[in-house]
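J.: Before I ask anything, here is the structure I am working with.
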Amino acid sequence: MRTRREFLALSAGAVAATALGPRRADAAPKAMTIVRESSFIKAFDDYFAKTLLPEYEKLTGIKMSYEAVSVGGMLTRLTTIVETKSGPEVAMTAINWPHLFDAGLVDLTDVATEIGKKLGPWHDNVLDAVVVNKRWKALPWGNIGQLEAYRTDWFAEVGVKKFPDTWEDLLAAGRLLKKKGHPFGFELGHGFGDNHGWLYPLLWSYGGREVDKDGKTVLIDSPETAKAVDFCRKFYQETMLEDVLGWTDVNNNKAYLGEQISCTNNASSILVVAKRDFPEIAKVTDHGMNPQGPKGRYHIINAVSHAVVNHADVAASKAFLRWLYDDKQMSRWLASGDAYYAPFLTAYDNHPMWNSEPRYLPYKESLKTSRLHGWPGPAGHALAESVAKYVLVDMFAKACRGDSTKDVIATAASQLKQIYKAK
Amino acid sequence: MAVRPASLARPVAGRPFTLQGVLEREGVFSWLMLSPGVLFLLAFIAYPFFYGIFLSLEDRRVATPGVFVGFANFQTLLGDAVFWQITRNTFVYVAATTVLKLAGGLAMALVMNQSFRGRNLARAFLLLPFIVPTALSTVAWMWILDPTFSVVNWLLVNLGVVAKGYSFLGNATLAMGSLIVVNTWRGMPFYGITLLAGLQTITPDLYEAAAIDGATTAQRFRYVTLPIIKPVLIIVTMFSVIFTFGDFQLIYALTHGGPANATHVFSTWAFDIGMSAGQLGMGAAVALAILPALAVLIVALTIYLRRE
């Protein structure tokens, strides 16, 4: 038998449930906004905004809007969304942003697990980028890989028929090509992708590391780093234009399509644009994996992912992501992207999207050897600071302009010690 | 026991206490007119400024609550070699552009003050760099300075001046020099037009009198023109220095602080640390590091204006 107090509590609960319950259950939001950085592949953005979102709107009655942020501006936009707790509910993330915005993002472990069971498993190496304290803070969509785009005709002219497999072989080819008036152009300036895209892999492939797994032990001051720096200086001086030291991400694309350089590290956008606007260049362009160094071959992970911000209607946002990451939608959207995004779900390893253009296949292959910036260090705030301060890029750039290996490594080590608060 | 004056004890006979009456009082009315401006300043200048100071005293990571750390952010900055490099860059950038803009702007104003055919059209054209949005004109400069497609390099090579084009943005010294040129190009019309306004207040009688006394052109400039436009000259320089200290778009778009931090200034570095690294507290501290220099300028400006 219930006491009077229990009865009152139960009654109050029942009244509250009657009042709030049905309303809560039916309280699907009237509208939702998804914000993403605009893609280099216009058809990919268009397919999302003009086909997928209207389909979901028709299905659920929720008014779906798409906000496109200009390239390079997504991090700032995400900062304002999370800080002001207003604006779009679902947002694109990249690099290690789920770690930066951890407290402002919803836990998506349940959705990620479901998707992983259906279409996975997920590629292991993406976990560093999106799983924070064992919780999935974003659903990986695809990797924007960074590989070498090169001119097959000019390489053939100097007797190189296949893209060089090691950094030393690439240097040898570059020497010959520069003499022929076809220098290389690898970004060494303050861009946001094409610099880290080859400099981290170069460091790793010589055995160098910025910081250890513990995030406390700075490892940059090592003979391996010195070898990587010495190689980079030689590579720059003997194969490249001086301008690369000041390049940002647009410059190498312009220089390649302007036929000023014979090889650069980039996403597949160079070939995509060439096929559209410069078909003659497209015919003689191919992709090569990052060459290997004495300690292996590496690539960079830039996992474009989707996160739900705290102020969103969590149930509705998750429902949308479940729908979006269903093969019926995902397959079509990926296909519209011209293989620009390499998915992290194993079900798509042999998807027809890879068949239309074999020259994109190295981007899929590169996933196996891809690591997040700062690897093997933790993917938190310190990593973001190191990337934002261009510690690694400037270490290599200063060596290329003539500073001594010892000095540039000492400067980088002191910056990293300050950033990682190491002794 | 205090005795209140009779006039305050009750309303004056014949002047009832009405809203119109209150509004007609000078003190009330003037504040009413000032209030939109004051509210605007409070909301968009004072609040962000004080919030910036507050942030700079916190270890405030994006999406997380801040922890008060006192002056720890500033201490970290003082021990950071890059901070000193950026301080040096900022001062070089501001000093060089100010001298060039001042000299160029004064020359521009003196020419525009002469009578010649098409003067009004020339004045309108000279304002163009100032009117065109910076982001837009910077794109044009990106092409002009692009080593591969640079029209300057093309001209130099084709005229036989140099055998190989310059790397305007790849070489540390040239990159800073290029930014100084672009900033000067954009900022000179501001000096030119403001100084022209100052020149036009000079009555021709003074020049005639000086000419009768046998003053040469240089003497007329030195003893008539310069003393009269001095106040305008100082104010326009002060404003320009303040704006240039906070210059962001141009540098961010052209070099993003590269190569190897050679062109990073306070504003671009503060943005990278605050936004890209998600360290809002440290970013605010970097931005506020300009404050002492600006404060000296503002105080000097205020003292000068009061004296005048």
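J.: Here's a check for you: in the stretch B:154-186, which residue that is of a type in the set (S, T, N, Q) and in contact with a Leu (Cβ under 9 Å, 6 or more places away or on another chain) is farthest from A:LEU257 (Cα to Cα)?
T.: Applying the filter and picking the extreme gives B:THR184.
J.: Take B:THR237 and tell me if it is more than 14 Å from chain A (Cβ to nearest Cβ) and not in a loop (DSSP other than H, G, I, E, B).
T.: So B:THR237 passes the test.
J.: Next up: Where in the stretch B:92-145 are there helices (runs of 4 or more DSSP H), lying fully within it, with 3 or more residues that are within 14 Å of chain A (Cβ to nearest Cβ) and within 30 Å of B:ASN261 (Cβ to Cβ)?
T.: B:134-145
J.: Take the residues in the stretch A:65-78 that are touching a Phe, Trp or Tyr at 6+ places or on another chain (Cβ under 8 Å) and surrounded by 21 or more Cβ atoms within 10 Å (Cβ to Cβ); name whichever of them is nearest to the other protein chains (Cβ to nearest Cβ).
T.: Filtering the stretch A:65-78 for residues that are touching a Phe, Trp or Tyr at 6+ places or on another chain (Cβ under 8 Å) and surrounded by 21 or more Cβ atoms within 10 Å (Cβ to Cβ), the one nearest to the other protein chains (Cβ to nearest Cβ) comes out as A:LEU75.
J.: Could we say that B:TYR223 is away from chain A (no Cβ under 14 Å), in a helix (DSSP H, G or I) and of a type in the set (Ser, Thr, Tyr) here?
T.: Answer is yes for this residue.
J.: Is it true that some residue in the stretch A:351-366 is in contact with a Ser or Thr (Cβ under 8 Å, 6 or more places away or on another chain), modelled with pLDDT under 95, within 14 Å of chain B (Cβ to nearest Cβ) and over 22 Å from A:GLU148 (Cβ atoms)?
T.: Looking through the stretch A:351-366, none of the residues is in contact with a Ser or Thr (Cβ under 8 Å, 6 or more places away or on another chain), modelled with pLDDT under 95, within 14 Å of chain B (Cβ to nearest Cβ) and over 22 Å from A:GLU148 (Cβ atoms).
J.: Also: Within the stretch A:42-92, count every residue that is under 29 Å from A:SER268 (Cβ atoms) and in contact with a His (Cβ under 8 Å, 6 or more places away or on another chain).
T.: Summing the residues that are under 29 Å from A:SER268 (Cβ atoms) and in contact with a His (Cβ under 8 Å, 6 or more places away or on another chain) in the stretch A:42-92 gives 3.
J.: Go through (1) in contact with a Phe, Trp or Tyr (Cβ under 6 Å, 6 or more places away or on another chain); (2) surrounded by fewer than 21 Cβ atoms within 10 Å (Cβ to Cβ); (3) within 28 Å of A:ASP153 (Cα to Cα) for A:SER336 and report which single condition fails.
T.: Here A:SER336 clears every test but (3).
J.: Any residue in the stretch B:77-87 that is touching a Phe, Trp or Tyr at 6+ places or on another chain (Cβ under 6 Å), part of a helix (DSSP H, G or I) and of a type in the set (Ser, Thr, Tyr)?
T.: no
J.: Any idea which of (1) more than 14 Å from chain B (Cβ to nearest Cβ); (2) over 21 Å from the mean Cα position of the chain (by Cα); (3) at pLDDT 95 or above is the one A:LYS216 doesn't satisfy?
T.: (3)
J.: Tell me, please, whether a residue that is basic (Lys, Arg), modelled with pLDDT under 95 and farther than 25 Å from B:TRP269 by Cα can be found in the stretch A:395-403.
T.: The answer is no, given that none of the residues of the stretch A:395-403 is basic (Lys, Arg), modelled with pLDDT under 95 and farther than 25 Å from B:TRP269 by Cα.
J.: For the stretch A:133-161, give me the residue count where each residue is at negative phi and part of a loop (DSSP other than H, G, I, E, B).
T.: 8
J.: Let me ask another. Residue under question is A:GLY193, and the condition is that it be part of a helix (DSSP H, G or I), under 23 Å from A:GLU37 (Cβ atoms) and assigned by TED's automatic domain parsing to the domain that holds A:VAL393; does it hold?
T.: In short, no.
J.: Right, another one. Quick check: anything in the stretch A:413-420 more than 14 Å from chain B (Cβ to nearest Cβ), outside any strand (DSSP E or B) and either buried (at least 17 other Cβ atoms within 10 Å of the Cβ) or of a type in the set (Asp, Glu) (or both)?
T.: No, because not a single residue in the stretch A:413-420 is more than 14 Å from chain B (Cβ to nearest Cβ), outside any strand (DSSP E or B) and either buried (at least 17 other Cβ atoms within 10 Å of the Cβ) or of a type in the set (Asp, Glu) (or both).
J.: Just the residues that are in contact with an Asp or Glu (Cβ under 8 Å, 6 or more places away or on another chain), modelled with pLDDT of 95 or more and buried (at least 19 other Cβ atoms within 10 Å of the Cβ), please, taken from the stretch A:33-63.
T.: Within the stretch A:33-63, A:ILE34, A:VAL35, A:ARG36 qualify.
J.: Restricting to the stretch A:156-211, and then to whatever is within 14 Å of chain B (Cβ to nearest Cβ) and of a type in the set (A, V, I, L, M), can you tell me which residue is surrounded by the fewest Cβ atoms within 10 Å (Cβ to Cβ)?
T.: A:LEU199
J.: Here's something else I'd like to know. Return yes or no: is A:HIS287 within 30 Å of A:VAL160 (Cβ to Cβ), under 20 Å from the mean Cα position of the chain (by Cα) and assigned to a strand (DSSP E or B)?
T.: For A:HIS287, the condition - within 30 Å of A:VAL160 (Cβ to Cβ), under 20 Å from the mean Cα position of the chain (by Cα) and assigned to a strand (DSSP E or B) - is met.
J.: Being in contact with a strand residue (DSSP E or B) (Cβ under 9 Å, 6 or more places away or on another chain) and surrounded by fewer than 23 Cβ atoms within 10 Å (Cβ to Cβ) is the filter; apply it to the stretch A:105-117 and report the residue that is farthest from the other protein chains (Cβ to nearest Cβ).
T.: The selected residue is A:GLY116.
J.: Which of the residues that make up the stretch B:126-138 are surrounded by 13 or more Cβ atoms within 10 Å (Cβ to Cβ) and touching a residue at least 40 places away in the same chain (Cβ under 8 Å)?
T.: If the condition is that a residue be surrounded by 13 or more Cβ atoms within 10 Å (Cβ to Cβ) and touching a residue at least 40 places away in the same chain (Cβ under 8 Å), then B:LEU126, B:LEU127, B:PRO129, B:PHE130, B:THR134, B:SER137, B:THR138 are the ones that fit.
J.: Could you grab me the full set of residues in the stretch B:174-224 that are among the polar types (S, T, N, Q) and in contact (Cβ under 8 Å) with a residue 40 or more places away in the chain?
T.: The answer is B:SER178, B:ASN183, B:THR184, B:THR194, B:GLN200.
J.: Additional query: Quick one: what pairs do we get from the stretch A:377-399, first residue on the phi > 0 side of the Ramachandran plot and at the interface with chain B (Cβ under 9 Å from one of its Cβ atoms), second surrounded by 24 or more Cβ atoms within 10 Å (Cβ to Cβ) and not basic (Lys, Arg), C-beta under 7 Å, 6+ apart or different chains?
T.: A:TYR390/A:HIS190
The values are calculated or read from the model by the stated rules, or taken from the named source; none is laboratory data. Note that this is a predicted model, so its numbers are computed, not measured. Heads up, the Cβs are rebuilt from the backbone with ideal geometry, glycines too, and the neighbour counts pull from every protein chain shown.
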